[in-house]
1. How many residues does segment 283-324 contain that are of a type in the set (D, E, K, R), part of a helix (DSSP H, G or I) and touching a Pro at 6+ places or on another chain (Cβ under 8 Å)?
2. Has segment 176-199 got any residue that is free of Cβ contacts under 8 Å to residues at least 40 places away in the same chain and either surrounded by 24 or more Cβ atoms within 10 Å (Cβ to Cβ) or assigned to a helix (DSSP H, G or I) (or both)?
3. Filter segment 133-167 down to residues that are of a type in the set (A, V, I, L, M), in a loop (DSSP other than H, G, I, E, B) and touching a residue at least 24 places away in the same chain (Cβ under 8 Å), then give me how many there are.
4. Which one of Val42, Val86 is exposed (fewer than 15 other Cβ atoms within 10 Å of the Cβ), among the hydrophobic types (A, V, I, L, M, F, W, C) and either in contact with a helix residue (DSSP H, G or I) (Cβ under 7 Å, 6 or more places away or on another chain) or closer than 28 Å to Asp255 by Cβ (or both)?
5. Could you say which residue among Val263, Val250 is more than 19 Å from the chain's Cα centre (by Cα), within 26 Å of Arg40 (Cα to Cα) and of a type in the set (A, V, I, L, M, F, W, C)?
6. Ser154 is checked against (1) more than 13 Å from Val76 (Cβ to Cβ); (2) touching a helix residue (DSSP H, G or I) at 6+ places or on another chain (Cβ under 7 Å); (3) buried (at least 16 other Cβ atoms within 10 Å of the Cβ) and fails just one. What number does that condition carry?
7. Identify all residues within segment 219-269 that are among the aromatic types (Phe, Trp, Tyr) and in a helix (DSSP H, G or I); write none if there are none.
8. Could you list, in sequence order, all residues of segment 223-238 that are touching a residue at least 12 places away in the same chain (Cβ under 8 Å) and of a type in the set (Ser, Thr, Tyr)?
Amino acid sequence: MTSFTHDFPFDPAYGRTLDELMAVPAPPVPDGFADFWRARYVEAREVVTDPELGPLEDERDGVRIHGVTYTSVGGVRLGGWLALPVEGPAAEPVRHGFVIGHGYGGRQDPGTDVPLPLPSSAAILPCVRGTGARGLVAGIPEVSAEHVLHGIESRDTYVIGDCVADLWCAASALGELVPGLAGTGRLGYLGESFGGGLGALALPWDDRFAAAQLTVPTFGNHPLRLTLPCAGSGESVRGYHLRHPGVVDVLRYFDAATAAEFVGQPTLVAAALFDPSVPPPGQFAVYNALAGERELLVLPAGHFEYEGLARDEAGLVEARRGFFGKWLA
């Protein structure tokens, strides 16, 4: 087990060794799970995303970064950023594409998601509904502890389902803006924390994605998560469950570990041994359940500052580059 000095009122390693984490299973698949998500995917693919490219906002790390807006399910208009290879005599055509999810709290700018994992790549960095600088939607709370409960009374109204659809629609918008990517088998997904959990839920039903990398993914094994205190959005769900125990019937359809059993794409998971925000047993449950080719990078900690963090982040960047270089080449 990894041990760090901390002031949390609980153990962010949850007393698990690596061997124990590698044995955490996914919960049973609820009736109609696949049908529910396939229907959501069909609905999202029918959306006319009508993407609009904004003016150039930045140029760095071999890409030009523009603002972008697009339409998602329910007619909701969302924003984000689009990264395109720098133009010029030496510029190469776009050979790879990425949809890049974000953590809870959203993104205020492209941040460390640029540079991209591979050269000659384009990427869309959406702000899913209710989050970040360009994803705010009237009626959806921006604060993560409230956002994660929005519409949780029913699987048909839970905001997490619409956030997954926002990623599918982002992929459609990227395909319209960079039409040369369509059908190439060179579209990847990247997601961390909240974006990692959303990615696990999105991947099984969308064969446009050829490979994915999930970092400290959330929403894994909800029945177990409900027993584990944390400092992240899961604590809000735990509190809601104490007042409304029937919510477990909704959460079963939004379990990233359950969804992982349907993920056939090669997937690299970076899971942490110590994480106060996303309990490691849930992260490893996602990796353990993956049905396709999989690779694991074990991190000492997630959502936590520690000595050696910069070194480990650089190692993850290198692992990600090698992984996508193998599967999206």
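1. So the first thing to find is which residues in segment 283-324 are of a type in the set (D, E, K, R), and the list is 293-295, 305, 307, 311-313, 318, 320-321.
Now restrict to residues that are part of a helix (DSSP H, G or I): 311-313, 318, 320-321.
Next, only the ones that are touching a Pro at 6+ places or on another chain (Cβ under 8 Å) stay: 312, 320-321.
Selection size over segment 283-324: 3.
2. So far as segment 176-199 goes, yes, one or more of its residues are free of Cβ contacts under 8 Å to residues at least 40 places away in the same chain and either surrounded by 24 or more Cβ atoms within 10 Å (Cβ to Cβ) or assigned to a helix (DSSP H, G or I) (or both).
3. Step one: filter segment 133-167 for residues of a type in the set (A, V, I, L, M), giving 133, 136-138, 140, 143, 145, 148-149, 152, 159-160, 164-165, 167.
Adding the requirement that they be in a loop (DSSP other than H, G, I, E, B) leaves 133, 136-138, 140, 143, 148-149, 152.
When the remaining residues are screened for being touching a residue at least 24 places away in the same chain (Cβ under 8 Å), the result is 133, 137, 148-149, 152.
Of the residues in segment 133-167, 5 are of a type in the set (A, V, I, L, M), in a loop (DSSP other than H, G, I, E, B) and touching a residue at least 24 places away in the same chain (Cβ under 8 Å).
4. Working: Val86 fails: either in contact with a helix residue (DSSP H, G or I) (Cβ under 7 Å, 6 or more places away or on another chain) or closer than 28 Å to Asp255 by Cβ (or both).
Among Val42, Val86, only Val42 is exposed (fewer than 15 other Cβ atoms within 10 Å of the Cβ), among the hydrophobic types (A, V, I, L, M, F, W, C) and either in contact with a helix residue (DSSP H, G or I) (Cβ under 7 Å, 6 or more places away or on another chain) or closer than 28 Å to Asp255 by Cβ (or both).
5. Numbers: Val263 fails: more than 19 Å from the chain's Cα centre (by Cα).
Within the list Val263, Val250, the selection yields Val250.
6. Only one criterion in (1) more than 13 Å from Val76 (Cβ to Cβ); (2) touching a helix residue (DSSP H, G or I) at 6+ places or on another chain (Cβ under 7 Å); (3) buried (at least 16 other Cβ atoms within 10 Å of the Cβ) is unmet by Ser154, namely (3).
7. First, the residues of segment 219-269 that are among the aromatic types (Phe, Trp, Tyr): 219, 240, 253-254, 262.
Those that are among the aromatic types (Phe, Trp, Tyr) and in a helix (DSSP H, G or I): Tyr240, Tyr253, Phe254.
8. As a first pass, look at segment 223-238 and keep what is touching a residue at least 12 places away in the same chain (Cβ under 8 Å): 223-226, 228-238.
Listed by number, the residues that qualify are Ser233, Ser236.
Each value in this text was obtained by applying a stated rule to the coordinates, not by laboratory testing. None of these values were measured; they are calculated from a predicted model. Cβ sites come from the backbone with ideal geometry, for glycine too, and all protein chains shown count toward neighbours.
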